[in-house]
Amino acid sequence: MKSYVITIMDEPKSVGSAERCIASCPGTKMFPATTPKDNPDKLFEQEGLIKKYFVDKWSFRENCMSAFFSHYSLWKKCVEDNEEYQIFEHDAVVVNNLPSFINYDRCINLGKPSYGQWTYPAVIGVNPLTSKEYFPGAHAYRVKPSGAKQFIKRAKELAGPTDVFLRTYYFPWLQEYYPWPAEARDSFTTIQRHKGCELKHTVLEKKPFEIIRV
């Protein structure tokens, strides 16, 4: 299994957060994130990915597209390598026991929900995706080539914000590991607008939170 943390290489706070993630999960390597500087519109066109679901009031469009493309690029690598991938976003930290082997189907969420309300899984270990109908943040998960192939295929028609894209309506086989081995410890965002931060964190003043434009 290969383990990667998506990192904005020219943003010191992203690199610092990624280093914290690596310290919590040794063997993880940084994976250079796609950013608006890479022209995500052109990248989407080259890959035949749909773009219409990236327009909303919560996130900056090009930043959200870039984040999705970072995950998409890792899915492609997963298929090319024909190997299981463990994928973190830069704000993820491993806080509980993370087994080296998990017996799951095609993709399993490892991250504690990072916003809103959720349902607790019923059993210790592998569960169907339970906390939400979609990934409760795409900050920590494992994917096999068979799952990555399905993500790539569906992205041609349904690409959208990564966590919402990874939903049971599209992929009924999504699973979740409990207790969640990882959680998001974020003090900044490169994706969300002020409204998105308020939705996720209730009120900005209650938790110092910085919006960084990259």
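Basic side chains Lys and Arg get +1 at the Cβ, acidic Asp and Glu get -1 at the Cβ, and with that the dipole of segment 2-211 about its Cα centre reaches some 320 debye. For Lys2, project a label point 7 Å along Cα to C-beta. Then give me every residue of segment 151-167 with its amide nitrogen under 20 Å of that point. Those under the cut-off are 151-153. Label zone of Thr168 (point 7 Å out along Cα→Cβ, amide N under 12 Å): in segment 108-130 this covers 119-122, 127-130. Amide H to amide H distances under 5 Å link Phe31 with Val5, Ile6, Thr7, where only residues 5 or more positions off or on other chains count and H is placed in the peptide plane.
Only the Cβ atoms of Lys and Arg (+1) and of Asp and Glu (-1) were treated as charged; on that basis the dipole of segment 1-101 about its Cα centre amounts to roughly 180 debye. What you get for segment 127-190, charging only the Cβ of Lys and Arg (+1) and of Asp and Glu (-1), is a dipole of about 340 debye around the Cα centre.
Listed here are the pairs Lys2/Lys37; Lys29/Lys52; Lys2/Lys52; Lys42/Lys132; which of them are more than 30 Å apart at the Cα? Over 30 Å apart, Cα to Cα: Lys29/Lys52; Lys2/Lys52; Lys42/Lys132. For Lys51, the aspartates and glutamates whose Cα comes closer than 18 Å to its Cα, not counting residues fewer than 8 places off in the same chain, are Asp38, Asp41, Glu62, Glu157, Asp163.
Laboratory data are not the source of any read-out in this text; all were calculated from the coordinates shown. Since this is a predicted model, take the numbers as computed values, not measurements. All Cβ positions, even for glycine, are placed from backbone atoms using ideal geometry, and neighbour counts span all protein chains on display.
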